[in-house]
1. Just checking, how many residues over region 86-102 are part of a helix (DSSP H, G or I) and within 21 Å of residue 21 (Cα to Cα)?
2. Can you pull out every residue in region 75-92 that is surrounded by 14 or more Cβ atoms within 10 Å (Cβ to Cβ) and of a type in the set (Asp, Glu)?
3. Give the residue, chosen from 98, 80, that is modelled with pLDDT under 95, closer than 17 Å to residue 4 by Cα and of a type in the set (A, V, I, L, M).
4. Just the residues that are closer than 18 Å to residue 24 by Cβ and in contact (Cβ under 8 Å) with a residue 40 or more places away in the chain, please, taken from region 112-132.
5. Quick check on region 112-129. Is at least one of its residues under 13 Å from the mean Cα position of the chain (by Cα) and of a type outside the set (Phe, Trp, Tyr)?
6. For residues that are assigned to a loop (DSSP other than H, G, I, E, B), of a type in the set (Val, Ile, Thr) and either at pLDDT 95 or above or exposed (fewer than 14 other Cβ atoms within 10 Å of the Cβ) (or both), tally how many sit in region 24-74.
7. Is it the case that region 46-61 has a residue that's among the hydrophobic types (A, V, I, L, M, F, W, C), within 18 Å of residue 128 (Cβ to Cβ) and out of contact with any Ser or Thr (no Cβ under 6 Å at 6 or more places or on another chain)?
Amino acid sequence: MPRIGVIGGTFDPIHYGHLAAAEEARVRLSLERVLFVVASLPPHKLDEDVTLVEHRLAIVGLGIASNPFFEVSTVDVDRAGPSYTVDTISILQSQWGADTEIFFIMGLDSLVELPTWHQPERLIQLCHLVAVTRPGFEVDLERLGGLVPGISSRLTIIDMPGLDISSTDLQRRVREGLPIKYQLPEEVERYISDHKLYVEPTGFGT
């Protein structure tokens, strides 16, 4: 039975935290590949300025280029409306076939917020959840199980190296003229500089 990983997000920008989480999950769970799904209209960021999707697709492509097990998915970009994870997984399941096991990779901070997501009960029926630890975040699994019944049998938690990197902080550092080197791939850093991304609060760039 094929096993694929899916990691979604705005990737604004992608950084070593995303890449390390995807690779850790790939190896530990024997995944054939990991799809990086770039969100077009993130539901939780509809009121925020998000960098143009063509820039974010380019950044992800550059960031994952050295790993033959990683690939970019445009499943969210190719459809209209907000990028609800449950819809994304449903589409991917139909594309890959019913016999494919899908593992959705997320940070522990996102797992804590899962009860507020769109149709979380349906989501855990469609895929396995893989939560990677993040410094400073903990989850009450008993409470989570009460809010999303059945999640305990559909969840794997993976301990990660302490990479406390966030896209929001990287944007701030660019605006403030602080270095972002060694927090994300050099090709991504170069793209951000060449296109003047994040120098303004909108981050749209050129």
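1. Residues flagged as part of a helix (DSSP H, G or I) and within 21 Å of residue 21 (Cα to Cα) within region 86-102 amount to 4.
2. 76, 87
3. None of the others qualify; the one that does is 98.
4. Filtering region 112-132 for residues closer than 18 Å to residue 24 by Cβ gives 127-132.
Of everything in region 112-132, those that are closer than 18 Å to residue 24 by Cβ and in contact (Cβ under 8 Å) with a residue 40 or more places away in the chain turn out to be 127, 130, 132.
5. Within region 112-129, one or more residues are under 13 Å from the mean Cα position of the chain (by Cα) and of a type outside the set (Phe, Trp, Tyr).
6. Counting residues in region 24-74 that are assigned to a loop (DSSP other than H, G, I, E, B), of a type in the set (Val, Ile, Thr) and either at pLDDT 95 or above or exposed (fewer than 14 other Cβ atoms within 10 Å of the Cβ) (or both) gives 1.
7. Taking region 46-61 and keeping what is among the hydrophobic types (A, V, I, L, M, F, W, C), we get 46, 50, 52-53, 57-60.
Restricting the remaining residues to those that are within 18 Å of residue 128 (Cβ to Cβ) gives none.
No - not one qualifying residue is present in region 46-61.
For every residue, the table says whether it meets (1) out of contact with any Gly (no Cβ under 6 Å at 6 or more places or on another chain); (2) not small (Gly, Ala, Ser).
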residue	(1), (2)
28	yes, yes
31	no, yes
38	yes, yes
41	yes, yes
49	yes, yes
57	yes, yes
63	yes, no
75	yes, yes
86	yes, yes
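The values are calculated or read from the model by the stated rules, or taken from the named source; none is laboratory data. Just so we're clear, the structure is a prediction, and the values are computed from it rather than from any experiment. As a convention, Cβ positions derive from the backbone with ideal geometry for all residues, glycine included, and neighbour counts pool all protein chains shown.
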